[in-house]
1. Counting only residues that are under 13 Å from TYR148 (Cβ atoms), touching a Lys or Arg at 6+ places or on another chain (Cβ under 6 Å) and surrounded by fewer than 20 Cβ atoms within 10 Å (Cβ to Cβ), how many does the stretch 69-111 have?
2. THR36 versus (1) part of a strand (DSSP E or B); (2) out of contact with any Ser or Thr (no Cβ under 9 Å at 6 or more places or on another chain); (3) in contact (Cβ under 8 Å) with a residue 12 or more places away in the chain: which is the lone unmet condition?
3. Answer with yes or no whether SER65 is modelled with pLDDT of 95 or more, crowded, with 24+ Cβ neighbours inside 10 Å, part of a strand (DSSP E or B) and out of contact with any Ser or Thr (no Cβ under 6 Å at 6 or more places or on another chain).
4. Looking at (1) within 23 Å of ALA205 (Cβ to Cβ); (2) touching a residue at least 24 places away in the same chain (Cβ under 8 Å); (3) outside any loop (DSSP other than H, G, I, E, B), which is the only condition SER71 fails?
5. What residue, among those in the stretch 180-209 that are within 12 Å of the ligand (Cβ to nearest atom) and among the charged types (D, E, K, R), is farthest from LYS155 (Cα to Cα)?
6. Does the stretch 1-33 hold any residues that are of a type in the set (Asp, Glu) and assigned to a helix (DSSP H, G or I), and which are they?
7. Looking only at the stretch 137-154, decide whether some residue is more than 16 Å from the ligand (Cβ to nearest atom), in the same structural domain as ILE15 (by TED's automatic domain parsing), within 16 Å of THR52 (Cβ to Cβ) and at pLDDT 90 or above.
Amino acid sequence: MDPKAFYDLSYGVYIVSAWDNGRPTGCTANSAIQVTSSPATVLVSINKDNHTNRCIADCGHFAVSVLHEQSDPAVIGTFGFRSGKDFDKFAAVPYDVKDKMPVVRDSCAYIACKVIGTMDTPTHTVFLGEVFGAEKTGGGRPMTYAYYHNVIKGKTAKNAPTYQAETPAPAGKRVCSVCGYVYEGDFDALPDDWTCPVCGQPKSAFRKA
Ligand code: FE
């Protein structure tokens, strides 16, 4: 099996959100698919180790915020490389409550769903949701997963359905120990308060490859 074949499938970059006992939480996802149009249904695939998985199961609803090419990469990092168990992600990212669901403001659209079915896989739960709200929230082109990798140089969290082992960074380069972002320039010339553009970690989180 050649895992590169999977690269020919198309994905977007989304924040899937839910309520955690009244507190908004969520995670970055690349697998969100419209399944039917009438009634409109959408599915998402969420790792069982993600706090968001249990929150969707408990509250019975989820929202998909569609990120656009100009969305702040730190949004992806905050939701993709931190755990909602011990970190209040929405305290760091502006959001609105739309159709009673938390939605990332820095997005181009959202889709709010009520869970009507689940499918269990060894690592992920597929949640099928009936859409009860959807709206364009901004302009801009929706971010594809290829754009995230090729233009933003973003990395894939280990919990993503599409995760594949990355090729190691060239020796001597500084690599974010949280998200895997590789800094290409002169690391020592960066100011002390510089943070990882993908996940927001401080300079101290970077190690030498
Ligand atoms: Fe990082």
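1. The qualifying residues number 1.
2. THR36 satisfies every listed condition except (3).
3. Working: modelled with pLDDT of 95 or more: yes; crowded, with 24+ Cβ neighbours inside 10 Å: yes; part of a strand (DSSP E or B): yes; out of contact with any Ser or Thr (no Cβ under 6 Å at 6 or more places or on another chain): no.
Taking the combined requirement at face value, the residue does not satisfy it.
4. Tallying (1) within 23 Å of ALA205 (Cβ to Cβ); (2) touching a residue at least 24 places away in the same chain (Cβ under 8 Å); (3) outside any loop (DSSP other than H, G, I, E, B), SER71 fails exactly one: (3).
5. LYS203
6. ASP8
7. No - not one qualifying residue is present in the stretch 137-154.
The values are calculated or read from the model by the stated rules, or taken from the named source; none is laboratory data. Note that the structure is predicted; figures quoted are calculated from it, not measured. Positions of Cβ are generated from backbone atoms using ideal geometry, with glycine treated the same way; all protein chains shown enter the neighbour counts.
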